[in-house]
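K.L.:
Input: one structure, supplied below.
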Amino acid sequence: MQCSSSKFYKIIGAICSIIVSIPYIIHAYGPTEREVVIWGVFSLAWGIILLFLSISMYEKIVTYIGFVIVGLIQIPPIILWFTFHGYGISDNTPSSSFIAHWGYGIPHIIIFLICAAILYKRINLKT
């Protein structure tokens, strides 16, 4: 049962990474810098890669390195959503009335925690 639980967490983590990337790619938060879209594409790509690795029961270290990367790339959005709470995030080309809110950081926190749980379970299985 432990193996299926681990697989479940991996699939959920990968799907969450895919879902959270979509608003960044489609400019749902208004006109933003190019780097924001690049972050979304990077998160989407890693989510798809990890989804295939998780479904295929690929238990090698590559899968866990992927979850380390996905967890780490959640840190900048978490910090930025909290930092810019109440402010516009557009670079004013064109201007946007979108105002940042700390709540947009919650999905990133959840993904970070899922990745941490996956890695924690892996470390505990090895010891």
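K.L.:
Applying 1/(1 + (r/R0)^6) with R0 = 22 Å to the Cβ-Cβ distance of Y87 and I109, what FRET efficiency is obtained, to the nearest 0.05?
P.N.:
Numbers: r = 20 Å, r/R0 = 0.90.
For R0 = 22 Å, the calculated efficiency reads 0.65.
K.L.:
OK, next. Mind giving me the FRET efficiency for I26 and L72? R0 is 22 Å, r the Cβ-Cβ distance, nearest 0.05 is fine. Can you show the working numbers first?
P.N.:
Working: r = 24 Å, r/R0 = 1.08.
Plugging the Cβ-Cβ distance into 1/(1 + (r/R0)^6) gives 0.40.
K.L.:
Given a cut-off of under 8 Å on Cα pairs at least six residues apart, what relative contact order in percent is computed for segment 2-126? Could you put the intermediate results ahead of the total?
P.N.:
Values: 154 pairs, mean separation 37.0, N = 125.
Averaging sequence separation for qualifying contacts and normalising by length gives 30 percent for segment 2-126.
K.L.:
Can you sort C16, C115 so the residue with the fewest Cβ neighbours within 10 Å comes first? Walk me through the intermediate numbers first.
P.N.:
Working: C16 20, C115 26.
In increasing order of surrounding Cβ atoms, one gets C16, C115.
K.L.:
Hey, what number do you get for the chain at 222 nm if only DSSP H runs of n ≥ 4 count, each worth -39500 (n - 2.57), divided across all residues, to the nearest 500?
P.N.:
Details: 5 runs with 88 residues, N = 127.
Mean residue ellipticity at 222 nm (helix-derived): -23500 deg cm²/dmol.
K.L.:
Taking Cα atoms, how many degrees apart are the long axis of helix 61-72 and the longest axis of the chain, rounded to 10 and kept between 0 and 90?
P.N.:
The angle comes out near 30 degrees.
K.L.:
Mind checking the angle between helix 2-25 and the chain's longest principal axis? C-alpha axes, 0 to 90 degrees, to the nearest 10.
P.N.:
With rounding to tens, the tilt is 20 degrees.
K.L.:
Give the angle, between 0 and 90 degrees and rounded to the nearest 10, that separates the Cα long axis of helix 34-55 from the longest principal axis of the Cα atoms of the chain.
P.N.:
So the helix axis and the longest Cα principal axis differ by about 20 degrees.
We did not get these values from a lab; they are worked out from the coordinates using the rules stated. Note that this is a predicted model, so its numbers are computed, not measured. Glycine also receives a Cβ, built like all others from the backbone with ideal geometry; neighbour counts cover every protein chain displayed.
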